[in-house]
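Q: Dropping a structure here in structure tokens format, bear with me for questions.
The values are calculated or read from the model by the stated rules, or taken from the named source; none is laboratory data. Everything numeric in this text was worked out from a predicted model, so none of it was measured. Neighbour counts run over all protein chains shown; Cβ positions are idealised from the backbone, glycine included. Note: areas computed on protein heavy atoms with side chains; ligands, DNA, RNA excluded. Shrake-Rupley method; radii C 1.70, N 1.55, O 1.52, S 1.80 Å.
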Amino acid sequence: MQHPATLVKIVVSTGEPSGVGPEISLAGAQVFLEEQAGVQITLLGDASLFASPLGESALYSERLKLNLIPLATPAVPGILNANNAQYVVNMLNEATDGCLQGRYDAMVTAPIQKSIINLAGTPFTGHTEYLMQRCNAKHVVMLLCALLPAGFLGLQSPKDLRVALVTTHLPLKDVPAALSFKLILETIQIVHQDLENKFGVINPVIRVAGLNPHAGESGYLGREEIEVIIPAIEVAKKQGITVSGPFPGDTMFDAGSLESVDAFIAMYHDQGLAPFKFVSFGAGVNVTLGLPIIRTSVDHGTALDIAGKGIAEIGSMLEALRLAYQLALNHGKRN
């Protein structure tokens with residue numbers, strides 16, 4: 001076994017205690033530890049939430065740890081309790097601060113119930129926005145990743161599908177007003193920079209979607225493309241970024257582009273995530289770009305209806321752990 005000092009240290013915020021987060025965090029960690037010898041995983045949470053005893057074998061005593069964060073009230077699977085909202089926030093704070101302080105190399109987040117945190121009195125839009133504030137980052141980007149298998153839509157070999165969003169958790173009616181030249185340009189820049197620095201992609205190829213049907217059809221179906229999207233793309237090109245668009249949302253993800261494009265940028269949540277989730281087979285991973293730390297997450301919800309039944313799939317959690325590990329290795333090579 002490797003000396004602990006050489007291990008990549010990943011911390012897992014295990015999410016809403018009444019959802020599937022604790023069980024998929026433990027099960028995913030156990031599978032990944034058997035798969036990868038060079039990692040140590042710390043689960044955050046209340047001991048009552050983890051069915052299997054930690055430290056039950058030599059494999060887990062050194063490489064799988066539990067950092068106790070106490071619940072305010074015992075959690076019941078499938079039943080939300082606002083008294084435990086601060087517990088979820090406490091886990092996020094410990095994971096984020098630990099990464100900022102260098103105690104962990106990367107963090108992985110299990111699903112949370114945003115509504116219950118807001119109900120408890122803490123304004124909370126989502127992980128992405130909260131981590132931006134906690135890390136004092138000026139602009140972050142939500143990126144979804146999935147490995148498409150060889151043969152899918154004619155792919156000659158496995159290929160990473162990456163979809164980034166300019167806007168995230170906004171009502172659809174607010175999206176046009178939220179778009180700006182600065183926001184779109186910075187999104188392109190952050191995607192380009194982190195693909196190179198964190199993913200190790202040399203000279204990444206990026207495609208950008210329009211906002212309107214047919215990408216505005218020369219202004220007849222909207223002017224956002226002409227007024228803000230195209231100008232941002234043109235400036236990014238002048239900065240040496242390999243970026244093209246705007247493409248109509250319904251044709252941007254054509255099968256032929258999958259081989260050559262390293263990241264697609266959508267203007268709003270469902271424009272990017274609907275096609276992504278349709279093809280990601282439940283194994284997608286959410287990555288927050290633009291942070292000074294590495295953060296990955298599952299791309300599904302709390303699944304309250306199956307919590308505690310032992311039937312929750314761990315595919316997305318396992319992929320989130322794999323990607324966090326790889327990004328931490330890439331980051332280490334560059335420092």
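Q: What number of residues within the range 197-235 satisfy the criterion of being under 24 Å from the mean Cα position of the chain (by Cα) and within 23 Å of ASP254 (Cβ to Cβ)?
A: Keep residues of the range 197-235 that are under 24 Å from the mean Cα position of the chain (by Cα), which gives 197-211.
Now drop any that are not within 23 Å of ASP254 (Cβ to Cβ), which leaves 199, 201, 203-211.
Selection size over the range 197-235: 11.
Q: Also, I was wondering about something else. Of the residues that sit in the range 253-268 and are at pLDDT 95 or above and either open to solvent by 30 Å² or more (accessible area, probe 1.4 Å) or not aromatic (Phe, Trp, Tyr) (or both), which one is nearest to ASP174 (Cα to Cα)?
A: Just the residues of the range 253-268 that are at pLDDT 95 or above, to begin with: 261-268.
Still in the list and also either open to solvent by 30 Å² or more (accessible area, probe 1.4 Å) or not aromatic (Phe, Trp, Tyr) (or both): 261-263, 265-268.
Values: VAL261: 29, ASP262: 28, ALA263: 25, ILE265: 18, ALA266: 15, MET267: 12, TYR268: 10 Å.
That would be TYR268.
Q: Among the residues that make up the range 182-197, is at least one of them in a loop (DSSP other than H, G, I, E, B), in contact (Cβ under 8 Å) with a residue 40 or more places away in the chain and charged (D, E, K, R)? Let's see the steps before the verdict.
A: Kept after step one, since they are in a loop (DSSP other than H, G, I, E, B), are these residues of the range 182-197: none.
Taking every residue of the range 182-197 in turn, none turns out to be in a loop (DSSP other than H, G, I, E, B), in contact (Cβ under 8 Å) with a residue 40 or more places away in the chain and charged (D, E, K, R).
Q: Right, here's the next one. For the subset of the range 291-335 comprising residues that are part of a loop (DSSP other than H, G, I, E, B), in contact with a helix residue (DSSP H, G or I) (Cβ under 7 Å, 6 or more places away or on another chain) and open to solvent by less than 30 Å² (accessible area, probe 1.4 Å), which member is farthest from ALA106 (Cα to Cα)?
A: Once the filter is applied, the top-ranked residue is ALA312.
Q: Next question. Being modelled with pLDDT under 95 and surrounded by 22 or more Cβ atoms within 10 Å (Cβ to Cβ) narrows it down to one residue among ILE188, ILE117, ILE184; which is it?
A: On the way: ILE188 fails: modelled with pLDDT under 95; ILE184 fails: modelled with pLDDT under 95.
Answer to the selection: ILE117.
Q: Could you identify the single residue in VAL235, VAL228, VAL279, VAL285 that is open to solvent by 10 Å² or more (accessible area, probe 1.4 Å) and in contact (Cβ under 8 Å) with a residue 60 or more places away in the chain? Working first, answer last.
A: Values: VAL235 fails: in contact (Cβ under 8 Å) with a residue 60 or more places away in the chain; VAL228 fails: in contact (Cβ under 8 Å) with a residue 60 or more places away in the chain; VAL285 fails: open to solvent by 10 Å² or more (accessible area, probe 1.4 Å).
Unique residue meeting the criteria: VAL279.
Q: Still on this structure, I have one more. Report, ordered by the first and then the second residue, all pairs with beta carbons closer than 8 Å, sequence separation of six or more or different chains, a first member in the range 124-135 that is free of Cβ contacts under 8 Å to residues at least 40 places away in the same chain, and a second member that is open to solvent by 60 Å² or more (accessible area, probe 1.4 Å) and among the polar types (S, T, N, Q).
A: PHE124/ASN118
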